[in-house]
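**Q** Supplied in structure tokens, the structure appears directly below.
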Amino acid sequence: MRLFANICFSLYLSNNLISIVWLHYASFIKFASDYKKKILLIRILKNFMNKDGAYVFASSLITKISSFLTSLILIRVLSPDEFGVLSYVLSVLAFFIPFSGGGMQHSFLRFAPLIDVKENRIRLFQHSLFMGLLLSFFLAFTMFLLIPWFNIAVRNTSIYFNWLIFYLFSFFLIEMVKISYRVENQNQKYAGID
């Protein structure tokens with residue numbers, strides 16, 4: 001009987017030992033996986049900082065904060081009717097902005113890093129700029145033709161639309177300049193414009 005008890009006790013210990021070893025092995029694998037992720041994250045952050053990523057992050061943060069503060073100031077300064085008209089005009093403009101430049105700025109961002117010769121990159125920039133301005137002109141002309149229709153829903157918006165049509169051009173130009181700095185790895189200049 002004692003032999004049977006010793007065998008059972010040994011099996012019990014070996015099962016617990018196997019369980020403990022397996023638990024430690026699984027914990028080690030999880031630790032190693034987490035450690036690899038941490039090392040990868042540290043490497044990504046170092047690479048980000050080496051490429052002046054802090055400037056880009058700070059610029060983005062400042063842009064968001066200033067946009068929020070501008071909204072608060074406009075809410076206080078404008079009457080509810082004026083703020084409603086401005087919000088309506090900006091909402092309509094927000095529909096047209098993604099089409100500004102016909103996506104040429106995004107095409108430039110996609111293909112310019114693949115070009116090794118700087119002269120060819122400059123030619124691609126000039127071509128993208130010309131085609132984008134041409135497409136922005138057609139978009140602005142279309143928006144100009146639609147102003148009377150937009151003015152039906154909310155009165156006294158035509159003056160805002162006439163001025164904000166030029167935003168389509170300026171938005172595209174600023175995006176092209178920012179993207180050209182990003183392509184050339186000049187993140188500090190990019191952050192200064194942003």
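**Q** Between rounded, prolate and oblate, where does segment 50-194 land on the alpha carbon gyration tensor, with a ≥ b ≥ c its root eigenvalues, rounded for a/c under 1.5, else prolate if a/b exceeds b/c?
**A** Judged from the Cα gyration tensor, segment 50-194 comes out oblate (a/c at least 1.5, b/c at or above a/b).
**Q** Going from most exposed to least, what order do Val77, Val117, Val92 have by accessible area with a 1.4 Å probe?
**A** Working: Val77 110, Val117 75, Val92 20 Å².
Ranked list, largest accessible area first: Val77, Val117, Val92.
**Q** Whenever you get a sec, line up Tyr167, Tyr88 from highest to lowest accessible area (probe 1.4 Å, protein heavy atoms).
**A** The residues order as Tyr167, Tyr88, largest area first.
**Q** Here's a follow-up. Where the convex hull is taken over the Cα atoms of segment 144-194, what is its projected area averaged over directions, in nm²?
**A** Directional mean of the projected Cα hull area for segment 144-194 stands at 4.4 nm².
**Q** Now, a different point. What is the extension gain from Phe99 to Ile193, computed as 0.36 nm multiplied by their sequence separation minus the C-alpha to C-alpha distance, in nm to one decimal?
**A** 31.7 nm
**Q** Convert each backbone phi in segment 155-161 into a coupling constant with the Karplus relation 6.51 cos²θ - 1.76 cosθ + 1.60 (shift: θ = phi - 60°), then list the ³J(HN,Hα) values in order as whole Hz, x for Gly and Pro.
**A** In residue order, the calculated couplings are 6, 6, 9, 4, 5, 5, 5 Hz.
**Q** Order Ile122, Ile62, most accessible first, counting only protein heavy atoms with a 1.4 angstrom probe.
**A** Accessible-area ranking of Ile122, Ile62, largest first: Ile62, Ile122.
**Q** Moving on. Quick check: net charge around Val183, other residues with Cβ under 11 Å of its Cβ, Lys/Arg +1 and Asp/Glu -1?
**A** It works out to a net charge of +4.
The values are calculated or read from the model by the stated rules, or taken from the named source; none is laboratory data. As the structure is a computational prediction, the values presented were derived from the model and not from experiment. Positions of Cβ are backbone-derived with ideal geometry, glycine not excepted, and every protein chain shown enters the neighbour counts. These area figures cover heavy atoms from the full protein model, side chains too; ligands, DNA and RNA do not enter into them. Shrake-Rupley method; radii C 1.70, N 1.55, O 1.52, S 1.80 Å.
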